[in-house]
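Have a look at the structure below before the remarks.
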Amino acid sequence: MKESGRKQGALSPCAACKLLRRRCALDCVFAPYFPADEPHKFSCVHKVFGASNVNKMLQELPEHQRSDAVSSMVYEANARVRDPVYGCVGAISCLQQQVDVLQTQLAQAQAEVVHMRMRQFSSTRDDNPASASMNSASPSTSRQQFMTNSQTKSLFSMDMVVDHANNMGESLWSC
Ligand SMILES: [Zn+2]
């Protein structure tokens with residue numbers, strides 16, 4: 001997060017004061033977080049929260065927390081503009097659904113592993129003693145069999161879901 005939005009020696013107002021058409025004082029509470037070269041950041045936050053509320057929230061916070069508060073407000077405002085009904089909650093519930101899907105896939109994969117181990121265990125017991133002792137002597141063989149099994153392909157389809165989550169997070173943070 002940029003701490004100084006005001007260019008040294010320049011008298012140009014910060015993005016907030018420019019939009020509100022007021023004089024940007026030296027101790028302007030908005031100036032460090034809403035630089036003039038990012039006007040959309042403040043206009044979005046102003047549209048959703050209102051400048052006086054943003055001012056109040058920043059005044060009530062210690063300075064070291066203001067940057068994080070602004071990031072959060074920008075994120076929430078972007079989400080609200082994009083999805084006027086659900087805002088951030090839409091993104092959260094979407095991610096929650098992805099977590100549920102991935103947890104189900106994980107549980108299925110774990111069940112598959114248990115099932116395969118059981119099957120292998122029963123087949124080694126049924127085999128003749130010579131091959132049974134060979135299997136137990138080389139655990140890497142059973143692992144290779146597991147990795148090349150076509151059923152395990154379904155485990156990697158979750159990459160797509162994770163990529164989708166990343167794209168969404170990235171686009172909401174910037175403006
Ligand atoms: Zn200002």
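Here's a check for you: in region 2-50, which residue that is away from the ligand (no atom under 12 Å from the Cβ) and on the phi > 0 side of the Ramachandran plot is modelled with the highest pLDDT?
Only one residue fits best here, namely 50.
Conditions (1) part of a helix (DSSP H, G or I); (2) touching a helix residue (DSSP H, G or I) at 6+ places or on another chain (Cβ under 7 Å); (3) under 26 Å from residue 86 (Cβ atoms), marked per residue:
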residue: 36; (1), (2), (3): no, yes, no
residue: 40; (1), (2), (3): yes, no, yes
residue: 44; (1), (2), (3): yes, yes, yes
residue: 52; (1), (2), (3): yes, no, yes
residue: 55; (1), (2), (3): yes, no, no
residue: 65; (1), (2), (3): yes, no, no
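Please go through region 29-42 and give me each residue that is buried (at least 16 other Cβ atoms within 10 Å of the Cβ) and not β-branched (Val, Ile, Thr), ordered by number.
Residues satisfying the conditions are 30, 31, 32, 33, 34, 35, 36, 38, 39, 41, 42.
The values are calculated or read from the model by the stated rules, or taken from the named source; none is laboratory data. Quantities reported herein were computed from a predicted structural model and do not represent experimental measurements. Every residue, glycine as well, gets a Cβ built from its backbone with ideal geometry; the counts of neighbours run over all protein chains shown.
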